[in-house]
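Enquirer: Following this message is one structure expressed as structure tokens.
The values are calculated or read from the model by the stated rules, or taken from the named source; none is laboratory data. Since this is a predicted model, take the numbers as computed values, not measurements. Counting neighbours? That spans all protein chains shown, and the Cβs are built from the backbone with ideal geometry, glycine included.
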Amino acid sequence: MSTATLTLPSANASLSRTARIFLNETRYEFLRLLRTRSFALSVIGFPVVFYIFFGIILNRAEHIGTISVSKYMLAGYTVFGMVGAALFGIGVGLASELAAGWLELKRASPMPPLAYVFAKCLSAMAFGVLIVSVLCGIGIAFGGVSLTLPVFARMIALTLVGVIPFACMGMALALLVPFSSAPGIANMIYLPMSFCGGLWIPIMMLPKVMQSFAVVLATYHLSQLMLRVFGYPSMGSVASHWFGLLGFTLLMLGIALWAFRRLEHNA
Amino acid sequence: MTSVLEQPIAVAATEAVASLNRITKRYANGVVALDDLSLSLHRGEIVALLGPNGAGKSTAVKLMMGLSAPTSGSVAIFGADPRNSQARLRTGVMLQVGRAPEMLRVREQVELFRGYYPNPMPYAELVKAAALEGIEERFFSQLSGGQKQRMLFALALAGDPDLIFLDEPTVGLDIEARRAMWATIRSLAARGKTVLLTTHYLEEADALAHRIVVIAKGKVVCSGTPAEVKSLGAGSATLAAVKIIRCVSSLPAETLLVSPGVVSAATVDGVTTITTSQPEATLREMLALDQTLHSLEVASPALEDAFLALTSS
């Protein structure tokens with residue numbers, strides 16, 4: 001009894017300290033990204049500018065049957081936005097901290113390693129939510145898009161989950177590629193993966209060969225799920241998309257873990 | 001060549017706070033960074049790991065922090081594995097970091113690291129110890145090289161740790177800031193903290209350390225108090241009586257170099273400097289050859305020379 005009463009408060013204190021570490025780590029990571037103008041402006045700016053051009057200016061009030069083209073394209077560009085946030089926020093950010101030796105100092109500190117990963121992931125989610133909200137706002141204000149609150153809530157929920165596969169991809173990228181080439185390679189992955197995943201041009205309009213290739217891309221699965229949130233026509237079954245996202249996540253996580261072990265072994 | 005001096009008994013009696021036991025570290029590319037190196041740190045002492053670039057100093061620190069695994073041998077920090085979280089809570093480290101997050105303020109980074117520890121050093125005390133007053137609100141990207149170094153120093157002290165590793169702590173600091181950091185390090189040791197610092201500033205090791213461990217090519221060359229290391233340099237077989245002779249003389253360097261025991265001779269701005277292992281013989285010969293020789297000075301080699309002699313062979 002006495003040991004229980006003695007250890008309980010200290011266990012509680014350590015638990016609350018750990019929780020505070022996770023919280024602070026996340027807060028400062030988000031703040032750091034927000035203050036890094038080159039990151040914040042490009043990662044929010046690109047999907048916004050693209051959506052304004054292709055979703056609003058070119059296709060304003062355009063309908064195919066009952067489908068609003070502006071709204072249809074919103075699905076693709078929100079996914080485009082969250083992929084950018086995860087890939088650049090985590091991929092380039094982690095590569096930079098790895099190259100600078102900062103990660104080593106963090107690992108030598110008593111910070112729980114999971115807090116670092118958690119902070120990066122949650123910050124990417126926050127940016128994802130920010131981008132999706134801005135795009136929805138633009139669509140509603142200028143594209144005649146209508147979204148009910150439950151639909152918007154489901155979009156946000158999908159964003160939170162959808163960032164994870166790309167966060168893992170960013171980690172794998174950062175651990176494999178030297179910092180100097182990380183931004184370039186991130187772009188080389190980002191843009192083709194967005195096009196081939198049907199984020200810019202509906203997947204049905206792409207050649208058959210590309211459609212069959214798309215099943216290995218998380219961008220494809222996520223955008224099809226986003227279209228389903230709108231109740232718009234999409235390819236494949238819901239289960240196949242979740243399965244695809246899970247597979248992609250596990251693959252990237254496996255690569256990241258292998259790359260991390262390799263780095264640790266060579267350290 | 002390896003000659004390790006006896007530890008003072010009082011130090012040897014206390015249990016080691018941290019130790020490297022017969023560590024060999026071979027990197028994947030085949031480079032052997034540490035070769036059968038043993039080192040132990042005791043409570044309240046400042047140990048300087050002294051050596052030229054590439055001697056294995058940083059590797060030793062990384063092994064002690066559990067950032068790198070030894071090829072053979074064992075590491076213990078407070079009797080535990082260095083990756084043990086309890087051991088990490090009692091340890092602070094300053095590594096050679098190229099860049100901290102640039103868009104975070106000094107205050108934010110310090111607060112973040114303080115948050116990792118259950119009993120951190122009070123913020124105001126920490127800012128004072130690392131001389132960060134007045135730059136707390138600056139972003140890391142706005143700091144000068146010396147200020148960056150001081151912030152990293154603050155992060156190492158954030159948890160008020162019992163064991164502190166400082167890898168080249170004073171690189172890029174001006175003399176005043178370096179002396180201020182030395183004072184802080186001394187006061188830490190006075191409070192019973194153990195400090196291991198790596199440096200290639202000989203002056204720093206001499207001024208600061210209770211014990212100097214000279215390493216070269218991953219091996220301990222010698223260790224002891226600064227005075228012992230200096231006398232060891234002067235007392236070793238080849239350097240038995242090495243002295244440095246300075247004088248104003250008309251004798252050309254070529255003549256001096258053939259004289260017995262002379263290691264080096266050069267004349268700069270009219271002053272001839274000769275390093276010799278047989279100073280008496282050299283002096284007798286010089287005085288006989290040059291009647292006009294004046295302004296004679298004979299000196300023992302400084303720690304720097306002893307150190308260079310030890311690590312170059």
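Enquirer: Restricting to the range B:262-299, name every residue that is at pLDDT 85 or above, under 30 Å from the mean Cα position of the chain (by Cα) and not charged (D, E, K, R).
Expert: Hits for the range B:262-299 are B:T273, B:I274, B:V298.
Enquirer: Quick check on the range A:205-213. Is at least one of its residues in a loop (DSSP other than H, G, I, E, B) and either surrounded by 14 or more Cβ atoms within 10 Å (Cβ to Cβ) or of a type in the set (F, W, Y) (or both)?
Expert: Yes, the conditions are met somewhere in the range A:205-213.
Enquirer: Only residues that are crowded, with 20+ Cβ neighbours inside 10 Å and either of a type in the set (A, V, I, L, M) or over 14 Å from the mean Cα position of the chain (by Cα) (or both): list them for the range B:190-212, please.
Expert: B:K193, B:T194, B:V195, B:L196, B:L197, B:L202, B:A205, B:L208, B:A209, B:I212
Enquirer: Look at B:A158 and say whether it is among the aliphatic types (A, V, I, L, M) and either at pLDDT below 95 or outside the structural domain of B:S58 (by TED's automatic domain parsing) (or both).
Expert: Against the criterion (among the aliphatic types (A, V, I, L, M) and either at pLDDT below 95 or outside the structural domain of B:S58 (by TED's automatic domain parsing) (or both)), B:A158 does not qualify.
Enquirer: Suppose we keep only residues that are of a type in the set (A, V, I, L, M, F, W, C), in contact with a helix residue (DSSP H, G or I) (Cβ under 9 Å, 6 or more places away or on another chain) and at the interface with chain A (Cβ under 10 Å from one of its Cβ atoms) within the range B:62-78. Which one would you say is surrounded by the fewest Cβ atoms within 10 Å (Cβ to Cβ)?
Expert: Across the range B:62-78, the extreme among qualifying residues is B:A69.
Enquirer: So which residues in the range B:128-142 are within 27 Å of the chain's Cα centre (by Cα), away from chain A (no Cβ under 13 Å) and buried (at least 17 other Cβ atoms within 10 Å of the Cβ)?
Expert: The answer is B:A129, B:A130, B:A131, B:L132.
Enquirer: Quick one: in the range B:26-61, of everything that is of a type in the set (A, V, I, L, M, F, W, C) and within 13 Å of another protein chain (Cβ to nearest Cβ), which residue is farthest from B:L197 (Cα to Cα)?
Expert: Within the range B:26-61, the match that is farthest from B:L197 (Cα to Cα) is B:A28.
Enquirer: For the list (1) crowded, with 17+ Cβ neighbours inside 10 Å; (2) within 13 Å of chain B (Cβ to nearest Cβ); (3) not polar (S, T, N, Q), I need the number of the one condition that A:V43 fails.
Expert: (2)
Enquirer: Give me the pairs, please: first residue somewhere in the range A:3-31 and assigned to a helix (DSSP H, G or I), second residue anywhere and among the hydroxyl-bearing types (S, T, Y) and modelled with pLDDT of 85 or more, beta-carbon distance under 8 Å, and either six or more positions apart or on two chains.
Expert: A:I21/B:Y116; A:E25/A:Y116; A:T26/A:S123; A:E29/A:S123; A:F30/A:S123
Enquirer: A further question on this structure: Which residues, counting only those in the range A:82-103, are in contact with a Leu (Cβ under 6 Å, 6 or more places away or on another chain) and in contact (Cβ under 8 Å) with a residue 12 or more places away in the chain?
Expert: A:G89, A:G91
Enquirer: In the range B:89-108, which residue that is outside any loop (DSSP other than H, G, I, E, B) and more than 20 Å from A:L23 (Cβ to Cβ) is nearest to the other protein chains (Cβ to nearest Cβ)?
Expert: If we take residues in the range B:89-108 being outside any loop (DSSP other than H, G, I, E, B) and more than 20 Å from A:L23 (Cβ to Cβ), then B:V93 is nearest to the other protein chains (Cβ to nearest Cβ).
Enquirer: Among the listed residues A:L130, A:L105, A:L114, A:L158, identify the single one that is part of a helix (DSSP H, G or I), more than 14 Å from every other protein chain (Cβ to nearest Cβ) and under 30 Å from B:Q109 (Cβ atoms).
Expert: A:L130
Enquirer: Tally time: how many residues in the range A:11-40 are among the polar types (S, T, N, Q), surrounded by fewer than 17 Cβ atoms within 10 Å (Cβ to Cβ) and facing chain B (nearest Cβ under 9 Å)?
Expert: 1
Enquirer: Shifting gears a bit: Pick from A:F248, A:F243: which is part of a helix (DSSP H, G or I) and in contact with a helix residue (DSSP H, G or I) (Cβ under 7 Å, 6 or more places away or on another chain)?
Expert: Checking each option against the conditions leaves just A:F248.
Enquirer: Please go through (1) loosely packed, with under 14 Cβ neighbours inside 10 Å; (2) over 30 Å from A:P113 (Cβ atoms) for A:R228 and return the number of the only condition it doesn't satisfy.
Expert: Only one criterion in (1) loosely packed, with under 14 Cβ neighbours inside 10 Å; (2) over 30 Å from A:P113 (Cβ atoms) is unmet by A:R228, namely (1).
Enquirer: Which condition number in (1) touching a residue at least 60 places away in the same chain (Cβ under 8 Å); (2) of a type in the set (S, T, Y); (3) under 27 Å from A:F30 (Cβ atoms) is the one that B:T91 fails?
Expert: B:T91 satisfies all of (1) touching a residue at least 60 places away in the same chain (Cβ under 8 Å); (2) of a type in the set (S, T, Y); (3) under 27 Å from A:F30 (Cβ atoms) except (3).
Enquirer: Please work out if B:E111 is touching a Phe, Trp or Tyr at 6+ places or on another chain (Cβ under 6 Å), surrounded by fewer than 24 Cβ atoms within 10 Å (Cβ to Cβ) and either farther than 30 Å from B:E203 by Cβ or at the interface with another protein chain (Cβ under 9 Å from one of its Cβ atoms) (or both).
Expert: No; evaluated as a whole, the condition is false for this residue.
Enquirer: Of the conditions (1) buried (at least 21 other Cβ atoms within 10 Å of the Cβ); (2) more than 21 Å from A:R228 (Cβ to Cβ), A:G144 clears all except one; give me its number.
Expert: Every condition holds for A:G144 apart from (1).
Enquirer: Among the residues of the range B:137-185, count how many are among the β-branched types (V, I, T) and assigned to a strand (DSSP E or B).
Expert: Qualifying residue count for the region: 1.
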